[in-house]
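The values are calculated or read from the model by the stated rules, or taken from the named source; none is laboratory data. Remember, predicted model here, so these are calculated numbers, not experimental data. Cβ placement follows ideal geometry from the backbone for every residue including glycine, while neighbour counts extend to all protein chains displayed. Ligands, DNA and RNA are stripped out before the accessible areas are found, and what is left, the full protein with its side chains, is counted by its heavy atoms. Shrake-Rupley method; radii C 1.70, N 1.55, O 1.52, S 1.80 Å.
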Number of protein chains: 2
Amino acid sequence: VLSRLPDAQVTFLAADGEPGERRTENGMLALSADRSLEDMPSPDVIVVPGGFGTRALMEHLRFLDWLRNAHELSTWTTSVCTGSLVLAAAGLLDGVEATTHWLLLGRLGELGARPVSDRRIVQTGRIITAAGVSAGVDMAIALAAEIAGADTAEAIQLGIEYAPEPPFAGGSTHTARPEIIAMVRDNPRFA
Amino acid sequence: VLSRLPDAQVTFLAADGEPGERRTENGMLALSADRSLEDMPSPDVIVVPGGFGTRALMEHLRFLDWLRNAHELSTWTTSVCTGSLVLAAAGLLDGVEATTHWLLLGRLGELGARPVSDRRIVQTGRIITAAGVSAGVDMAIALAAEIAGADTAEAIQLGIEYAPEPPFAGGSTHTARPEIIAMVRDNPRFA
């Protein structure tokens, strides 16, 4: 979504060292990080993604330092899913309303934020946090509207044909059956 | 979504040569293809993704041969977005109902399929095609239900917190404003 904004340059940064391939925890998907943190000290827009890798990032002092400094100058500082835990670990969410994957809302509170459980996108000033994984799409389109106006954001949404029809009603804990919530709680594969 | 299915192994194949990094047309995103076509002659599930790269794939005889042979033995043969044009180019959609990105429905028809413009997921036997980009999420969850049952698919959907709230109503040509449709038609950046 963001890469379709006029004049946008999206760059994947290596949070933990030199540029190169980075693989998801299950090993199935590998992306290339094209720049180091030092290469890009102050992007206009920061997006901290979620996933199992955020656990290590929350204790990665060099990354947290980079994030604090980059946030000083950014226009937008954002996160998707458990990425907000990293923003919180960097001290950027102290007393700030924010969201994250529903399984980690309690943890987000422990880290000093004010967790919001009933909104997929939570904005406070120039910080925007999105709920679990798929909420990142909603956030990216909303952010595109802030950056380039509603018409451009609508064009991007139509371009990705985002008129979703989820196969099941239970995509949030507010609508899911209790036994399905238990399945996800008990099995990290689903989360 | 599919990587969360119990016992699933998701592998990215290099359609055009040796395994290694592959980059999107705008150069911003690079994924690693971990295996060659010869390494995996018969996956259980085939997913042909969309994007600008499908134009070349439609004329890539080695890939089309692989796809025809793999389809003989697959449980499910699927596509997202313009990936269905590649299925059609391989001759797998002759006279078959299918969908694709809304901008390419006419092209899909020229290639011998019967284009369906009002459904995000079109299934005919063991072939499933999804509409533009984001419809791939809906398809993957529906496919998860076929493979592992509704409970598992619902758990995956809840795990990715897929209770979408699109910022705008116009995510399909059936609801978009005419001037937004024109913007996407006229500017490949948005498509």
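Worth a mention:
- For the range A:120-163 versus the range B:128-178, the spacing of their alpha-carbon centroids is 17 Å.
- Between the range A:1-30 and the range B:13-32, the Cα center-to-center distance that results, in Å: 13
- Taking every protein chain into account, the 1.4 Å probe leaves A:E97 with about 70 Å² of accessible area, to the nearest ten.
- With the cut-off at under 19 Å, measuring from each backbone N in the range B:111-126 to a point 7 Å along the Cα-to-Cβ line of B:H174 picks out B:114-124.
- Oblate is the label for the range A:94-143, because the ratio a/c of its alpha-carbon gyration tensor axes (a ≥ b ≥ c) is 1.5 or higher and a/b is not greater than b/c.
- For the range B:50-180, alpha-carbon Rg over 2.2 N^0.38 Å: 1.10
- Residue among B:G171, B:G50, B:G27 with the largest mean-square fluctuation in a Gaussian network model of chain B, springs linking Cα atoms under 10 Å: B:G27
- The simple spin-label model puts a point 7 Å past each Cα toward its Cβ; for B:E165 and A:N26 those points are separated by 2.8 nm.
- Relative contact order (%) - criterion: Cα under 8 Å, at least six apart; region: the range B:89-191: 17
- Peptide-level mean, for A:172-179, of C-beta atoms on other protein chains within 10 Å: 3
- Net charge in the neighbourhood of A:P6 (other residues with Cβ under 15 Å of its Cβ; Lys, Arg +1, Asp, Glu -1) is -4.
- Average projected area [Cα convex hull, the range B:1-114], square nanometres: 7.4
- Restriction of the chymotrypsin sites (Phe, Trp or Tyr not before Pro) in the range B:56-89 to DSSP coil positions whose beta-carbon has at most 13 other beta-carbons within 10 angstrom yields no sites.
- Selection among B:T99, B:M183, B:I156 by position relative to the dipole of chain B gives B:M183 as farthest towards the positive end (Cβ unit charges, Cα centre).
- Other-copy label distances relative to A:T75, 7 angstrom Cα-Cβ extension, nm: 4.7
- Kirkwood-Stokes translational diffusion coefficient of the range A:137-191, alpha-carbon pairs, 20 °C, 1.002 mPa s, µm²/s: 159
- Largest to smallest in accessible area, the residues A:H101, B:H60 fall in the order B:H60, A:H101 (1.4 Å probe, all protein chains included).
- Percent antiparallel among DSSP beta bridges (both partners in the protein assembly as shown, rounded to 5): 40
- Sum of side-chain charges, B:T77 neighbourhood, beta-carbon under 11 Å (Lys, Arg +1; Asp, Glu -1): 0
- Contour minus Cα-Cα distance for A:D186 and A:T11 (0.36 nm per residue): 59.5 nm
- The Cα-based radius of gyration and maximum Cα-Cα distance (Dmax) for the range A:1-58 are 12.3, 34 Å.
- HN-Hα J in Hz across the range A:126-143 - Karplus 6.51, -1.76, 1.60, θ = phi - 60°, x for Gly and Pro: 9, 9, 10, 10, 10, 6, x, 5, 5, 5, x, 5, 4, 4, 4, 5, 4, 5
- Rounded to the nearest 20 debye, dipole of the protein assembly as shown from Cβ charges on Lys, Arg, Asp, Glu: 340
- Cα-projected label distance for A:F52 with A:E18, points at 7 Å along beta-carbon direction, nm: 2.5
- Per-residue average of Cβ from other chains inside 10 Å of A:19-28: 3
- With all pairs of separate Cα atoms included, the protein assembly as shown yields a Kirkwood hydrodynamic radius of 21.6 Å.
- Chain A, relative contact order [Cα under 8 Å, separation at least 6], %: 16
- Highest mobility in the GNM of chain B, judged by mean-square fluctuation with C-alpha springs under 10 Å and restricted to B:L143, B:L31, B:L103, is found for B:L31.
- Average other protein chain Cβ within 10 Å of Cβ, residues A:134-140: 5
- Cβ-placed point charges (K, R +1; D, E -1), dipole of the range A:77-180 about Cα centre in debye, nearest 20: 320
- The range A:54-123: proportion of alpha-carbon pairs further apart than 20 angstrom, %: 21
- GNM result for chain B, Cα springs below 10 Å: residue of B:M40, B:M58, B:M139 fluctuating most strongly: B:M40
- Computed over neighbours whose Cβ is under 10 Å from that of B:E165, the net charge equals +1, Lys and Arg +1, Asp and Glu -1.
- Projected onto their three principal axes, the Cα atoms of the range B:99-174 cover extents of 39, 34, 14 Å, largest first.
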